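Working notes, structure below.
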Ligand SMILES: C[S@@+](CC[C@H](N)C(=O)[O-])C[C@H]1O[C@@H](n2cnc3c(N)ncnc32)[C@H](O)[C@@H]1O
């Protein structure tokens, strides 16, 4: 087990809300992780968003945005046809389990901090997991994350963090992205997907965005607005200075359409694909 030196387990609370959102939206196996705590966080927020939608469509689509983010990450993973997929800060996602069940020729590894891994293990005890799926304690900010992993034969390696790095300040983001870039390089090169909520997008949502950021500040103990990148350009520059050879915002044309929720007219995040 990787030694935990600086992870922030406080942010795992929001992972319970997203797990119940994913169960609500029908993602495969997501009901395994939909807890009372998650529903108590998600359902009032979802009903509030629905009520808000008629007067303020953009912030009113917030809970649907949770659907789209998760959906797009999963679609991106599928499109890469990886031999090894590494998700860090997986929280209560079942994406890796569902993917590994369908693709026996690849290996999916979910990492999270020890408390979250223990919570997942408890909830997974009643379910049979595919042998090509692994859940491990691992800290994005600790040295040697993924040291035991080996490169697949002639197949792509991918890494993902969904809902993780915006909780980190700039120095931590850099350490996290350096850790991912060096892991991918050691495994022969690969691609990394993350979302960023740049300040210039957040500001478009007005007071509603500040209410959400304030709630996240209380949960995470961090001044969220201060530590977000100013724009996607800053995030891309930071990724490149952390060891990625290239990074780009995924354009709308590459984000597949889906039918279970109305697409957000505006979203507060951009998806960035980086490559070593
Ligand atoms: C906001 S939750 C997001 C979880 C999930 N990816 C989602 O989209 O709902 C952030 C997750 O990152 C994990 N985390 C926080 N700091 C971490 C670190 N340094 N290394 C690994 N995981 C971390 C938390 O335990 C939590 O599960």
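The values are calculated or read from the model by the stated rules, or taken from the named source; none is laboratory data. Source: prediction; values computed, not measured. Ideal geometry is used to build each Cβ from the backbone, glycine not excepted, and the neighbour counts take in all protein chains shown.
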The stretch 224-263, subset at pLDDT below 85 and either more than 20 Å from the chain's Cα centre (by Cα) or on the phi > 0 side of the Ramachandran plot (or both), residue surrounded by the most Cβ atoms within 10 Å (Cβ to Cβ) = 262
query = Do any helices (runs of 4 or more DSSP H) lying entirely in the stretch 188-276 carry at least 3 residues that are within 24 Å of residue 77 (Cα to Cα), and which ones are they?
reply = 232-241
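Within the stretch 51-60, is even one residue without any contact (Cβ under 8 Å) to a residue 12 or more places away in the chain and outside any helix (DSSP H, G or I)? Give the steps one after another, and end with the answer.
Filtering the stretch 51-60 down to residues without any contact (Cβ under 8 Å) to a residue 12 or more places away in the chain leaves 51, 53-55, 60.
Narrowing further to those that are outside any helix (DSSP H, G or I): 54-55.
Yes: the stretch 51-60 contains one or more residues that are without any contact (Cβ under 8 Å) to a residue 12 or more places away in the chain and outside any helix (DSSP H, G or I).
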message = residue 22 - would you say it is within 14 Å of the ligand (Cβ to nearest atom) and touching a strand residue (DSSP E or B) at 6+ places or on another chain (Cβ under 8 Å)?
response = no
query = Checking residue 205 against (1) closer than 20 Å to residue 231 by Cα; (2) at pLDDT 95 or above, which single condition isn't satisfied?
reply = (2)
request  = Read through the list (1) away from the ligand (no atom under 12 Å from the Cβ); (2) at pLDDT below 95; (3) touching a strand residue (DSSP E or B) at 6+ places or on another chain (Cβ under 8 Å); (4) assigned to a helix (DSSP H, G or I), then give the number of the only condition that residue 1 fails.
outcome  = (4)
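Only one of 7, 38 is modelled with pLDDT of 90 or more and crowded, with 19+ Cβ neighbours inside 10 Å. Can you tell me which?
Just one listed residue meets the conditions, 38.
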request  = Of all residues in the stretch 144-170, count the ones that are within 17 Å of residue 109 (Cβ to Cβ) and in contact (Cβ under 8 Å) with a residue 24 or more places away in the chain.
outcome  = 18
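Residues that are under 14 Å from the mean Cα position of the chain (by Cα) and within 14 Å of the ligand (Cβ to nearest atom), at least 2 per element: which strands (runs of 3 or more DSSP E) completely within the stretch 68-187 meet that? Spell out how you get there, then give the answer.
Values: elements: 84-88, 107-112, 133-137, 157-161.
In the stretch 68-187, 84-88, 107-112, 157-161 are the strands (runs of 3 or more DSSP E) which contain 2 or more residues that are under 14 Å from the mean Cα position of the chain (by Cα) and within 14 Å of the ligand (Cβ to nearest atom).
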